[in-house]
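Each remark here refers to the structure printed beneath this line.
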Amino acid sequence: MRIALAPMEGLVDDVMRDVLTRMGGVDWCVTEFVRVTETLLPPKYYHRLAPELLNGAVTAVGTPVRLQLLGSDPTCLAENAARAAELGAPVIDLNFGCPAKCVNRHRGGAVLLTEPDLLHAIVSTVRAAVPSKIPVTAKMRLGYEDKSLAIECAQALAMGGAAELVVHARTKVEGYQPPAYWHWIALIKAAVACPVVANGEIWTVEDYLACRAESGCDDVMLGRGLVARPDLARQIKQHLAGQPVAPMHWHELVPVLQRFVGQVAGKVEGKHAPGRLKQWLSMLRQHYPEAGWLFERIRAVKAVPDIQAILAGLQVDEPLVC
Ligand SMILES: Cc1cc2nc3c(=O)[nH]c(=O)nc-3n(C[C@H](O)[C@H](O)[C@H](O)COP(=O)(O)O)c2cc1C
């Protein structure tokens, strides 16, 4: 079975992909979406969102990075897909799930799930524009306002030439609120010939097993669950291999946080780096109370060296007390 790290704009960039794939268990990642409107984007735009393209399109530990496009114009998407392929993207993924108002207003993301014919046209035009050795995949939700077109949309994508479908088991209006309707993935899987990957609301090994049972999919894509529990993919694979599941301890995570801060500081303007750590800690605190304590401790800290000093000084084998 395979596990993918979900694309997450503003959260999973090349640094987070690097950090999370080092944990093990992740078979591929997907970039944040590249928004295509009416121009052929310059290579530097692709390299900014997917620096891995300069390094064989893999993360430092060799995990492939697929490139995601978002748009509604088949021809323009096709031209950009061809460019991404030239730049080394191993797979082109198409986004039909983004719920953002500003994206949907411009006829992009989940709103396209109301137009199965357009979905078909997009996938088939993109498919025709990239070399046959490069798969074109699609990521969809179950619909926009309701699920009435879920099967039709999935079939349109598959018939258009999608090599694989990732299904986020919620509509646009259901946003990110639990539950995810995993049984709908089983209906889609039965209706299309291509492989289907289940996505949505997998936070634990038990969730994976429940999702697998309901969706009939062995393959899953993990989003927030993997950011909040960085070794979740590894835990799932350990469980499936019959090995004892050894969840990562806080003290093992501290050097990971140090590496993360160092890499973020090398990438973004200094004043933005602490925010990225706080963003991650606010998710990690679900499983690691220490992350909550650390969050409080660095809340007002603005300089990267000060944060690095706090991280370096952590008494990692003792609970943090603020
Ligand atoms: C902050 C954030 C940003 C996201 N950005 C993207 C994106 O760029 N492309 C995409 O296809 N999905 C995006 N998603 C959706 C996720 O890939 C995933 O489908 C969703 O979070 C459900 O999975 P989860 O419950 O495991 O998090 C985003 C989700 C979040 C929370």
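The values are calculated or read from the model by the stated rules, or taken from the named source; none is laboratory data. As the structure is a prediction and not an experimental result, all values here were calculated from the model. Cβ atoms come from the backbone with ideal geometry, glycine included; neighbour counts cover every protein chain shown. Heads up: the accessible areas ignore ligands, DNA and RNA and are worked out on the full protein's heavy atoms, side chains in. Shrake-Rupley method; radii C 1.70, N 1.55, O 1.52, S 1.80 Å.
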- Among Leu112, Leu49, Leu53, Leu70, which is away from the ligand (no atom under 13 Å from the Cβ) and farther than 26 Å from Glu252 by Cα? Leu53
- Is it the case that some residue within region 254-271 is assigned by TED's automatic domain parsing to the domain that holds Val192, surrounded by fewer than 17 Cβ atoms within 10 Å (Cβ to Cβ), outside any helix (DSSP H, G or I) and acidic (Asp, Glu)? no
- Residue pairs qualifying under the 6 Å Cβ cut-off, at least six apart or on distinct chains, with the first in region 76-94 being more than 12 Å from Arg66 (Cα to Cα) and the second being open to solvent by 20 Å² or more (accessible area, probe 1.4 Å) and charged (D, E, K, R), are Cys76/Glu38
- Message: From the list Gly160, Gly143, exactly one residue is open to solvent by less than 10 Å² (accessible area, probe 1.4 Å) and under 26 Å from Glu201 (Cβ atoms). Which is it?
- Response: Gly143
- Query: Quick one: which of Arg212, Arg224, Arg229 is in the same structural domain as Asp14 (by TED's automatic domain parsing), surrounded by 18 or more Cβ atoms within 10 Å (Cβ to Cβ) and away from the ligand (no atom under 12 Å from the Cβ)?
  - Reply: Arg212
- Message: Among the residues of region 85-98, are any of a type in the set (A, V, I, L, M), more than 27 Å from Trp184 (Cα to Cα) and open to solvent by 10 Å² or more (accessible area, probe 1.4 Å)?
- Response: yes
- Among (1) farther than 17 Å from Met140 by Cα; (2) in contact (Cβ under 8 Å) with a residue 60 or more places away in the chain, the one test that Asn199 misses: (1)
